[in-house]
Amino acid sequence: MVSRVQTVSFQGIEAVPVDVQVMVAPGKIGMSIVGLPDKAVAESRERVQAALHASGLSMPPKRVTVNLAPADLPKEGSHYDLPIALCLMAALGAIPGDALHDFVALGELSLDGTITQINGTLPAAIGANGLGKGIICPQASGAEAAWADPDMDILAPCSLIALANHFRGTQILSRPKAGISGVSDTLPDLNEIKGQETAKRALEVAAAGGHNMLMVGPPGSGKSMLATRLAGILPALSPKELLEVSMVASISGRLPDGMLSDRRPFRAPHHSASMAALVGGGVKAKPGEATMAHNGVLFLDELPEFQPQVLDSLRQPLESGEIVVARANYRVKYPSRFQLIAAMNPCRCGMAGEPGHQCKRGQRCVSDYQERISGPFLDRIDIRVEVPAVSAADIIAPCQCEASGDVAKRVMKARNIQQKRYGNVDIGQKTNAAVSGAIIEETAKIGSDAKQLMVEAANVMKFSARAYHRILKVARTIADLDGVEKVAKIHLAEAIAYRVSSKRFADAA
């Protein structure tokens, strides 16, 4: 007799169906698992046997064979414990044999028979819903699974005994409820930053259009403070974006108690991060920081301190919005549509361009430091702004700075304009930064005077085709902030200024 239940294998953030088959037949007493299991799956044999014993069931004195089909698909993770145990329970008559046909099961077992939380419950629940099935998952993951569909069947038992009692009708499990994470609404506010009005304006433009931004300035000028306050002026996640972000967080194990948050991710990896840590990879191709920042912000502080190869690995996701990790035996695709915010000092000593300061190594202190960032990577940054040192007068003077809430209203208004404009365009984010060059040329038509300005600037600064389109995108965003339909010369001039504004970064620009 063969018992069956369906589970999933994770390929990126997608759940691929896997059929768990268990046969109990005469032969040498023992239990074997086949179907390309990894070490964690192979160890399921010991966990399952101990959990069944703790639940009052004993393994049959026969040969037990577990097959994970398709057999040529590698199986990774401990979530195969529960489906294997359920198949054995069905074979032993502890639960009805047909009770598992309409469910996808996944969960890790403890030795005492309890079911512990696992990663990836939300993608698994969405995959199960697509197959027209319900899901059996750990109790701690029930709130996460409930987000997949309000009408799908969800069983979230705390133990094997509770699940057996449910199928017998002696202890009915209630459906878990979807929950919102109780994250504090308090975020750093822009009114805490004195001075730096140009940088604040650039940050507002970047937030309104989803543009990449680089800040250059000496230590202590407020670059990191500005970056951390971007989260306070960005709009909340849309339902579709929330689902995508939560699926990535679920795979990465970053959904506390299975509760979702509509706050955009903000990732700030240290400059010692490896390529695998930033873009994903490793032995099991886990998502990296760029994927965890999907639909949010990736902040790279001390930009030239990152390895040049690591920075250049971001060039593809900055254009395509996804990361493909390709190895000899697998290929995994992760979503990676993020807004890049970077900060750096103008040179290694950090004070190049400051009045009265002379670098000890002269111009080489600047050039050697800035040359660690490649030109193609810089070409993908829309806004470059200089953040000079704040004077003592600015610090002492009473603060009459604009609050993040006021800026967020203007950003939201501009985003709504873009949402309406690109409503029928098939792009991940409905922002100016995300559309193609052909679309931005259509939506950001400029007059003859503005065209002349663009031609002169392109000839002098040697803009690439990518730079031309990105300047148009920034100009379109500035016009949206002003609430006007036509991109005027003043909007284009401001966009060009953001492209070449940093005198301290002239060599790399």
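Near the amide H of Ser159, under 5 Å away, which other amide H atoms are found, from residues 5 or more places off or on another chain, if H is placed in the peptide plane?
Amide H neighbours of Ser159, under 5 Å, 5+ apart: Ile115.
Would you kindly derive the ³J(HN,Hα) couplings of the range 476-486 from the backbone phi angles with the Karplus curve 6.51 cos²θ - 1.76 cosθ + 1.60 (θ = phi - 60°), listing them in order in whole Hz, with x for Gly and Pro?
3J(HN,Hα) across the range 476-486, in whole Hz: 4, 5, 4, 5, 5, 5, 7, x, 10, 7, 8.
Rank His357, His101 by accessible area, highest first, at a 1.4 Å probe radius?
Working: His357 75, His101 105 Å².
In descending accessible area the options line up as His101, His357.
So what is the 222 nm mean residue ellipticity for the chain from helices alone, if each DSSP H run of at least 4 adds -39500 (n - 2.57) and you divide by all residues, rounding to the nearest 500 deg cm²/dmol? If you can, show how the numbers build up before the last one.
Values: 21 runs with 189 residues, N = 509.
Dividing the helical sum by the residues of the chain leaves -10500 deg cm²/dmol.
Please list the non-local residues whose amide H lies under 5 Å from the amide H of Val104, H modeled 1.01 Å from N, same-chain partners needing a gap of 5 or more.
Gly134, Ile135, Ile136
If I take the Cα coordinates of the range 189-266 and project them onto the principal axes, what are the three extents in Å, biggest first?
41, 24, 21
Can you give me the % of accessible surface on the range 137-199 that is carbon or sulfur? Probe 1.4 Å, all protein chains present, nothing else counted.
Working: 1570 of 3220 Å².
Here carbon and sulfur together make up 49 percent of the probe-accessible area.
In Å², what does the accessible area per residue of the chain work out to with a 1.4 Å probe? Mind dumping the intermediate values first?
Values: 22280 Å² over 509 residues.
In whole numbers, the chain has 44 Å² accessible per residue.
Would you kindly find the accessible area of Met275, with a 1.4 Å probe and non-protein molecules such as ligands, DNA and RNA excluded, rounding to the nearest 10 Å²?
Spelled out: Met275, probe radius 1.4 Å, area about 80 Å².
Can you order the peptides 116-129, 163-176 by their average number of other Cβ atoms within 10 Å per residue, highest first? Let's see the in-between values first.
Numbers: 116-129: 23.9, 163-176: 15.1.
Ranking the peptides 116-129, 163-176 by packing returns 116-129, 163-176.
Applying the Karplus parametrisation 6.51 cos²θ - 1.76 cosθ + 1.60 with θ = phi - 60° to the phi angles of the range 158-172, what ³J(HN,Hα) value in whole Hz is obtained for each residue in order, glycine and proline being reported as x?
8, 7, 5, 5, 4, 5, 4, 5, 5, 5, 7, x, 8, 8, 6
Under the rule of at least 5 residues apart or a separate chain, name every residue whose amide H is placed under 5 Å from the amide H of Arg384.
Leu214, Arg499, Ser501
If you count, for each residue, the other Cβ atoms within 10 Å and average over each peptide, how do 37-48, 9-20, 76-87 line up from highest to lowest?
Details: 37-48: 17.2, 9-20: 19.8, 76-87: 26.2.
Packing order, densest peptide first, comes out as 76-87, 9-20, 37-48.
Considering only DSSP beta bridges where both residues belong to the range 237-369, give the percentage that are antiparallel (nearest 5). Each step should come with its number before you reach the end.
Details: 6 of 12 bridges.
Expressed as a percentage, antiparallel bridges in the range 237-369 total about 50.
Rounded if a/c is under 1.5, else prolate if a/b is larger than b/c, else oblate: which is the range 5-151, with a ≥ b ≥ c the root eigenvalues of its Cα gyration tensor? Mind dumping the intermediate values first?
Working: a/c = 1.70, a/b = 1.47, b/c = 1.15.
Prolate.
Looking at the chain, send over the antiparallel percent of its DSSP beta bridges, to the nearest 5. Each step should come with its number before you reach the end.
On the way: 26 of 54 bridges.
Here the share of antiparallel DSSP bridges comes out near 50 percent.
When all C-alpha to C-alpha distances in the chain are sorted into bins of 20 Å, what percent of pairs does each bin hold, rounded to whole numbers?
Spelled out bin by bin, the chain gives 21, 44, 25, 10, 0 percent.
Rounded if a/c is under 1.5, else prolate if a/b beats b/c, else oblate: with a ≥ b ≥ c from the C-alpha gyration tensor eigenvalues square-rooted, which is the range 399-450? Intermediate results must be reported in sequence, preceding the final value.
Numbers: a/c = 3.15, a/b = 1.55, b/c = 2.02.
The shape class here is oblate.
For the range 1-115, give the percent of accessible area contributed by carbon and sulfur heavy atoms, probe 1.4 Å, rounded to a whole number.
Heavy-atom surface of the range 1-115 belonging to carbon and sulfur, 1.4 Å probe: 55 percent.
Arranged from highest to lowest average of other beta-carbon atoms within 10 Å per residue, in what order do the peptides 388-401, 471-484, 361-374 appear? Present the calculation step by step, with values, prior to reporting the outcome.
On the way: 388-401: 11.5, 471-484: 22.9, 361-374: 16.1.
Top of the packing list down: 471-484, 361-374, 388-401.
Please list, in order along the range 293-302, the HN-Hα scalar couplings obtained from phi with the Karplus expression 6.51 cos²θ - 1.76 cosθ + 1.60 (θ = phi - 60°), rounded to whole Hz, x for Gly and Pro.
8, 4, 6, x, 10, 10, 9, 10, 8, 6
The values are calculated or read from the model by the stated rules, or taken from the named source; none is laboratory data. What you see is a predicted model; the values in this text were computed from it and never measured. Virtual Cβ from ideal backbone geometry, glycine too; neighbours counted across all protein chains shown. Just the protein is used for accessible areas: all its heavy atoms, side chains included, with ligands, DNA and RNA removed. Shrake-Rupley method; radii C 1.70, N 1.55, O 1.52, S 1.80 Å.
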